[in-house]
1. Any residue in region 49-70 that is free of Cβ contacts under 8 Å to residues at least 12 places away in the same chain sitting within a Cβ distance under 7 Å of a residue that is assigned to a helix (DSSP H, G or I) and open to solvent by less than 30 Å² (accessible area, probe 1.4 Å)? List the pairs, counting only those 6 or more apart or interchain.
2. Would you confirm, using the coordinates I've provided, whether Arg258 is of a type outside the set (Ser, Thr, Tyr), surrounded by fewer than 24 Cβ atoms within 10 Å (Cβ to Cβ) and modelled with pLDDT of 90 or more?
3. Cβ-Cβ distance below 9 Å, separation of 6 or more or different chains: which pairs start in region 355-375 with a residue that is touching a residue at least 60 places away in the same chain (Cβ under 8 Å) and end on one that is surrounded by 24 or more Cβ atoms within 10 Å (Cβ to Cβ) and among the aromatic types (Phe, Trp, Tyr)?
4. Which one of these is buried (at least 20 other Cβ atoms within 10 Å of the Cβ) and of a type outside the set (Asp, Glu): Ala422, Ala413?
5. Give, as residue ranges, the strands (runs of 3 or more DSSP E) completely inside region 471-582 that count at least 2 residues that are at pLDDT 90 or above and of a type in the set (D, E, K, R).
6. Can you tell me which residue in region 433-450 is nearest to Asp294 (Cα to Cα), limited to those that are of a type in the set (A, V, I, L, M) and assigned to a loop (DSSP other than H, G, I, E, B)?
7. Pick from Tyr111, Tyr105: which is in contact with a Pro (Cβ under 8 Å, 6 or more places away or on another chain), open to solvent by 40 Å² or more (accessible area, probe 1.4 Å) and farther than 30 Å from Pro353 by Cα?
8. How many of the residues making up region 175-200 are buried (at least 18 other Cβ atoms within 10 Å of the Cβ), assigned to a helix (DSSP H, G or I) and of a type in the set (A, V, I, L, M, F, W, C)?
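The values are calculated or read from the model by the stated rules, or taken from the named source; none is laboratory data. All values derive from a computational prediction rather than experimental measurement. Every residue, glycine as well, gets a Cβ built from its backbone with ideal geometry; the counts of neighbours run over all protein chains shown. Surface accessibility is based on the protein's heavy atoms, side chains included, excluding ligands, DNA and RNA. Shrake-Rupley method; radii C 1.70, N 1.55, O 1.52, S 1.80 Å.
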Amino acid sequence: MSWVIGVDVGGTFTDFFAMENETGRIIFHKTPSTPTNPARAILDGAVEMCAANNFSSTEVTRFGHGTTVATNALIERKGGRVGLITTKGFRDVLEIGRQVRPKQYSLQDDYPAPLVPRSLRFELNERVGPNGQTYTRPSDKEIEAVVRRAVESDINSCAICFLFSFLNPETEQRVSATFEKIAPNMPISISSEVQPEFREYERLSTTVLNAYLLSIMSRYMKTLESEFLHHFPNATIGVNQSSGGLMSVARARRFPVRTALSGPAAGVVGATYVAKQCAQDKMITLDMGGTSADVALIRNYRADVSFDRSIEDFPVRLPMIDINSVGAGGGSVAWFDRDGLMKVGPESAGSVPGPACYSRGGTSPTVSDANLILGRLSEDGLLGGEMPLNLAAARAAMAPVADRLGFSLERTAHGVISIVTANMVRAIRGISIERGLDPREFSLLAFGGAGPVQATDVARDLRMNKIIVPFAPGILCAQGLVVADQSESFVRTVRISLNQSSARAEITNHLSDLTEEGDKWLTSETVPSEASCFAEVSCDMRYKGQNYELSIPILVGDGNNEIDIAVMIRDFSKSHIQNYGYSNADDPVEVINIRRVVKIQFDRPGGIVYQGGLSKTETRSSRAIFFEYDTPVVSEIYLRDELTAGDVLKGPAVVEQLDATTLIFPGDRALVDDALNLVMELRY
């Protein structure tokens with residue numbers, strides 16, 4: 001027997017999903033997060049899960065991990081002291097940026113202070129031209145001098161980024177080799193390795209962010225790997241990337257910036273898996289946890305990928321699943337702004353002290369308290385009754401807000417829910433309506449610990465007709481880590497006009513180079529005999545004169561790199577119409593980047609086998625629930641364990657389980673499909 005474990009560290013809970021490779025048997029587990037030391041909850045929870053389900057830790061062969069360490073380090077500014085070596089005359093690019101204000105109509109708001117102060121930015125007299133030709137080649141003595149200045153500045157890591165080094169990385173490699181001689185233990189971040197693409201500001205920012213995270217992420221990865229392998233000696237560890245694929249611990253230590261959206265990306269991978277199960281090729285995901293809500297778009301069973309994102313207002317040029325996040329979670333706190341209006345979030349009570357109803361010392365009114373007051377959550381509590389909820393504490397926390405508003409507790413709680421719903425609706429509009437897409441044409445996939453209980457409110461505001469709640473919604477991010485592929489992305493910046501006769505040959509040559517790089521990576525990885533390998537190829541394309549590109553998958557013949565220029569132009573035109581509403585057949589099209597993503601797909605059972613444990617507590621057969629603020633409605637209560645494929649539930653009702661609570665509003669109905677997903681149809 002062999003097991004695969006996925007673990008996702010959230011702000012409130014650390015979630016585990018385990019699957020037995022041969023039989024498809026699955027197991028769930030949740031434990032409170034330990035924010036001061038995330039590895040503690042991971043290791044203790046994994047050991048507890050094995051012991052509770054009678055399988056040995058030696059049977060675990062793979063471990064997928066979604067981490068928040070890099071994200072938290074950026075939020076809290078707890079990275080290392082970073083130095084920067086760059087081309088002479090370009091030390092201030094990090095501050096100049098694109099000369100765009102963060103908020104167009106505010107003269108006060110500014111970007112965060114650079115992660116590298118000016119005194120730690122060092123210039124090297126080098127210059128490479130826009131075609132990769134060397135104009136100024138620094139001597140070994142010049143390189144050694146600037147490296148010694150950086151080392152003597154008491155830095156923890158150093159970023160190296162030169163102009164046009166994505167075309168000719170020789171000088172970056174020479175500087176790196178000099179660090180190896182002078183300070184061999186100094187962590188180095190090299191732009192030609194982090195992301196060898198054009199646009200010097202975004203490449204520089206990404207390289208600096210990577211350097212900033214090197215020391216803290218390296219320590220965390222080493223600690224996690226050594227302790228985990230002590231308990232699970234036969235397991236390999238994969239760390240989730242922001243693009244949705246796993247990478248080895250060694251690469252996570254070298255490129256920690258790739259993990260900045262690790263956890264939310266795992267949820268979208270799991271959501272894509274569920275979308276295929278229930279044959280829904282157009283979905284909007286709603287992942288609502290204790291601190292935030294993350295939304296993403298899935299079309300044709302693929303999540304949208306963005307290459308230009310900001311993390312904590314720092315630009316990042318890396319492939320990332322296009323996720324829109326908002327501070328709206330179960331722990332989001334209700335508060336009053338200076339204008340006297342009530343707001344909800346982004347501040348969260350987190351797991352410690354948590355919402356007032358957790359009885360862990362929290363006193364601020366939160367979304368979870370509001371749901372408990374409205375009867376939407378049960379006093380029996382979370383984690384199958386292991387974490388009861390305190391209604392009296394929730395009411396006491398909400399009382400001052402109600403008094404200030406002059407409302408009843410129930411109307412106040414409903415107001416809190418309405419505000420947090422509006423925040424999530426705004427996030428969904430940002431990835432749909434604002435891009436010319438109608439959310440009514442999509443299904444809403446609700447997951448996370450708080451997603452299913454809020455899903456109908458969100459869907460009704462958007463006039464969406466269908467909601468899908470996975471079998472284990474609160475564990476879906478962890479499940480995504482079990483079904484995720486291992487992947488590596490390779491990119492080559494070019495500038496090829498598709499109108500020229502040599503376009504096909506040039507693209508083919510560059511693609512051959514990327515194929516060679518991918519083969520080297522595969523050789524360096526441990527690929528199980530039962531795994532299969534494949535590649536996805538795309539080109540970043542634009543009309544000549546445009547400043548932004550669209551990523552277009554290109555046709556590759558049976559390993560022969562057969563490029564069809566006419567098809568590429570046709571597909572680009574279709575995408576341009578979809579994104580911008582028009583295309584022009586007379587405008588010349590050019591390729592700017594060629595990308596090749598190599599994936600290792602692990603063997604998975606055809607179906608899953610579940611043996612109970614989603615609902616561990618006895619519960620009442622019905623209870624009064626406030627779907628609106630004025631009148632409670634007696635609603636049937638169902639346990640998720642007891643539902644089987646084909647069951648139909650009619651609202652008002654509530655479905656309770658270990659990891660989440662699902663509301664079915666009056667007049668709505670829900671069907672349990674063959675994969676045990678709950679498919680809800682809304683009636684207006």
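1. Partner pairs satisfying both residue conditions: Ser56/Cys50.
2. Details: of a type outside the set (Ser, Thr, Tyr): yes; surrounded by fewer than 24 Cβ atoms within 10 Å (Cβ to Cβ): no; modelled with pLDDT of 90 or more: yes.
No.
3. As it stands, the answer is Ser368/Tyr358, since those pairs meet every condition given.
4. Numbers: Ala422 fails: buried (at least 20 other Cβ atoms within 10 Å of the Cβ).
When all the criteria are applied, what remains is Ala413.
5. Values: elements: 486-497, 532-543, 550-553.
Ranges flagged: 486-497, 532-543.
6. Taking region 433-450 as the starting set, the residues that turn out to be of a type in the set (A, V, I, L, M) are 433, 437, 444-446, 450.
Imposing the further condition that a residue be assigned to a loop (DSSP other than H, G, I, E, B) reduces the set to 437, 450.
Details: Leu437: 18, Ala450: 12 Å.
That would be Ala450.
7. Values: Tyr105 fails: in contact with a Pro (Cβ under 8 Å, 6 or more places away or on another chain).
Result of the check over Tyr111, Tyr105: Tyr111.
8. Matching residues across region 175-200 total 3.
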